[in-house]
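Participant: Below is a structure I'd like to ask you about.
Taken together, the values in this text are just the output of simple stated rules run on the coordinates, not laboratory data. If you're wondering where the values come from, they're calculated on a predicted model, not measured in any experiment. No Cβ is skipped: glycine too gets one built from the backbone with ideal geometry, and neighbour counts run over all protein chains shown.
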């Protein structure tokens, strides 16, 4: 069995943020603090934004694919990988639509606040009327892209509609890795396995 390595925030990673791309925030750092990477594992970050998580996974030794629906975010991740001399495959895709293959680790910090996407700037936070719409789609599609024995790591918010979240998580074995209380919500990082 390969040894896992906890990912710590690496301040040597340089990050250039393009206007309109989600900047790393409390949820990003909470996700990062909960990640364990096995050297050589195939990892995919969905909704990569600036690539902060993907860069850390690559630096920890994973073979990384980073995906975003927003071409601006995908390009920002590609530039940040180049800036840090890290090899990352970057794809533009609406969730798994253009993503081939299976992965040992799927990581997703989904848009989880209640709200409807009305413009490009809403893509990073608006999770639908119940806050779960994107997460539910991801979890359904992820089943076909998770390698045997693999795991998915997601963030969920107490702002999400509870019953909708329960339905989305149905069929997954759940382990809570980390939590953080913010002024209007609680964030939980969950490890999901089939």
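Participant: Describe numerically, in nm with one decimal, the distance between label points set 7 Å from Cα along Cα→Cβ at residue 72 and at residue 23.
Facilitator: 1.4
Participant: For a Förster distance of 45 Å, can you work out the FRET efficiency between the beta-carbons of residue 16 and residue 167, rounded to the nearest 0.05?
Facilitator: Approximately 0.70, to the nearest 0.05.
Participant: Which shape class applies to the chain: rounded if a/c is under 1.5, otherwise prolate when a/b exceeds b/c and oblate if not, where a ≥ b ≥ c are the square roots of the Cα gyration tensor eigenvalues?
Facilitator: Rounded, because the longest to shortest axis ratio a/c is under 1.5.
Participant: Among rounded, prolate and oblate, which fits the range 49-109 when a ≥ b ≥ c are the square roots of the eigenvalues of its C-alpha gyration tensor, a/c under 1.5 means rounded, and a/b larger than b/c means prolate? Working shown, then result.
Facilitator: Values: a/c = 1.83, a/b = 1.14, b/c = 1.61.
It comes out oblate by the Cα gyration axes.
Participant: Sort the range 16-76 into rounded, prolate or oblate with this rule: let a ≥ b ≥ c be the square roots of the eigenvalues of the Cα gyration tensor; rounded if a/c is under 1.5, and if a/c is not under 1.5, prolate when a/b is larger than b/c, oblate otherwise.
Facilitator: Since a/c reaches 1.5 but b/c is at least a/b, the shape of the range 16-76 is classed as oblate.
Participant: Follow-up. Tally the DSSP beta bridges in the chain and give the antiparallel ones as a percent, rounded to 5.
Facilitator: Close to 45 percent.
Participant: Then there is this: Figure the gain on full extension for residue 89 and residue 185 (residue separation times 0.36 nm, minus the Cα-Cα span) and round it to one decimal in nm.
Facilitator: Net length gain for the segment: 31.2 nm.
Participant: Taking 8 Å as the Cα distance limit and 6 or more residues as the minimum spacing, I'd like the relative contact order of the chain as a percentage.
Facilitator: Rounded, it is 18 percent for the chain.
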